[in-house]
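Chemist: What follows is a structure written as structure tokens; I'll ask about it next.
The values are calculated or read from the model by the stated rules, or taken from the named source; none is laboratory data. Remember, it's a predicted structure, so these values are computed and weren't measured experimentally. Cβ placement follows ideal geometry from the backbone for every residue including glycine, while neighbour counts extend to all protein chains displayed.
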Amino acid sequence: MGSSELARHLGLSAPTAQRLAAGMVAHNLLRRDAEGRHHLGQRFASSQLADAATPVLEWLVQETGESAQLWVRRGDQRLCLVGAESESELRVFLPAGSALPQSEGGSAAAALSADDSSESNRRWFESVSQRTPGLGSVSAPVRAHGEIVAAVCVAAPLPRVPSPGEAFGHLVAQAAEPVAGKLVTPRPSTTTVDGGSESSIRRPPTYRRQ
């Protein structure tokens, strides 16, 4: 709903409602679309994101043999929302709830900030010993409602996977699609979504191990 409708609904003056809404947008509690309407923001979508990502991350572990995580941005940090751990004795894994500064770099940091750079059209980002020597990762941005809401990441020891991007880039890009698909609310067929009507929205694929 717009600020005026929000003010009426809450019994507040329009300026007060606008200030409250702006503050909630700044903290990702609400998001504002191009037409000025407000919707629930990324923080409220965390549970939905985790539920959508869990089976996809498990599929990634099966396909790659490496650990996989879903990262979300929280201000100047990134937060591991959910993960699936490799069964290899030598593995890279950070538990859910782990937070890292965006400034430290890494493929997930690059994917989460892709819209702030000239590389917004890239499907995946690779990191080789950037944050931690001997470790590499590849991440793909998850886009919903025209913005990046998360990053799917596979991390591996470099002795086993010298180039995570070359090995797994196509897989993390593929994995990001069904996660995003769970977050997109279908609209009436008279409106277009990504250039097509509701009937042409791509449904999340069902993954099977080859």
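Chemist: Give the residues of the stretch 33-58 that are modelled with pLDDT of 95 or more and either touching a Pro at 6+ places or on another chain (Cβ under 8 Å) or buried (at least 21 other Cβ atoms within 10 Å of the Cβ) (or both), sorted by residue number.
Modeler: VAL56, LEU57
Chemist: A further question follows. Would you please list the contacts, defined by Cβ atoms under 7 Å and residues six or more apart or on different chains, that run from a residue in the stretch 149-173 that is more than 17 Å from LEU49 (Cβ to Cβ) to a residue that is among the aromatic types (Phe, Trp, Tyr)?
Modeler: VAL154/PHE168; GLY165/TRP124; GLY169/TRP124; ALA173/TRP124
Chemist: Quick check on my filter: what residues within the stretch 74-97 are of a type in the set (D, E, K, R) and in contact with a strand residue (DSSP E or B) (Cβ under 8 Å, 6 or more places away or on another chain)?
Modeler: Within the stretch 74-97, ARG74, ASP76, ARG78, GLU85, ARG91 meet the criteria.
Chemist: Against the definition (at pLDDT below 95, surrounded by fewer than 23 Cβ atoms within 10 Å (Cβ to Cβ) and aliphatic (A, V, I, L, M)), how does LEU94 come out, yes or no?
Modeler: yes
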